[in-house]
Amino acid sequence: MSFFEKAKAAASDLAAKADVAMTNAGVNVPGMGGDKALRDLGVIAWLDATGRPVADADRERVMATLRDLETQGRLGALTVSPPAPAYGTPPPPPGAAAAGAAPAAPPPPPRPRSGPAPAAVGAPGSSGTAGRAARPGGTAAGRGTAAAPAAQLGLSPAPPRRKTPR
């Protein structure tokens, strides 16, 4: 018997033991038992609500399965999920939902970094770096990174990097 055959046999044995232990503990595995039957019941209810036909045999099979699971104590607590928030609604701040507090005002936007204002394009005494950065597609000191956003925010461009001897 090869290594892979032994590993496969051991994995199958372990999976079987896990299934038995979970069944004995009353744990529902998704796709098995209660979850599948409850999903089928939801499908049947939806088909009924929308006026589509449902076979009586399917309805009775699902109901019988759910009754059996409930008598065995394997169905668990049946609760309806709370409604989901509308798409695009921001979540409440941490702790506000539990405390029932009104939503707090959003935090103020971050303040811009302080520093010298960038030199204007073509201004006397300008190094020319800000001039290149202010033009569309320009780069700061030829490094290949666009510095236009920094100039638009009123930040000075980063100084060029110097190579250090090793």
May I ask you to list pairs of residues, at least six apart or on different chains, whose Cβ atoms are under 6 Å apart, with the first in region 3-23 being touching a residue at least 60 places away in the same chain (Cβ under 8 Å) and the second being surrounded by 10 or more Cβ atoms within 10 Å (Cβ to Cβ)?
-> none
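So for region 87-108 (the condition being within 30 Å of Met22 (Cβ to Cβ), of a type outside the set (A, V, I, L, M, F, W, C) and at pLDDT 75 or above), does at least one residue qualify?
Applying the first criterion (within 30 Å of Met22 (Cβ to Cβ)) to region 87-108 yields none.
No, region 87-108 has no match at all.
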Filter region 49-68 for residues that are without any contact (Cβ under 8 Å) to a residue 24 or more places away in the chain and either under 18 Å from Gly33 (Cα atoms) or of a type in the set (Gly, Ala, Ser) (or both) and give the result.
-> Ala49, Gly51, Ala55, Ala57, Asp58, Arg59, Glu60, Arg61, Met63, Ala64, Arg67, Asp68
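The values are calculated or read from the model by the stated rules, or taken from the named source; none is laboratory data. Fair warning: this is a prediction, and the values are worked out from it, not measured in the lab. Glycine also receives a Cβ, built like all others from the backbone with ideal geometry; neighbour counts cover every protein chain displayed.
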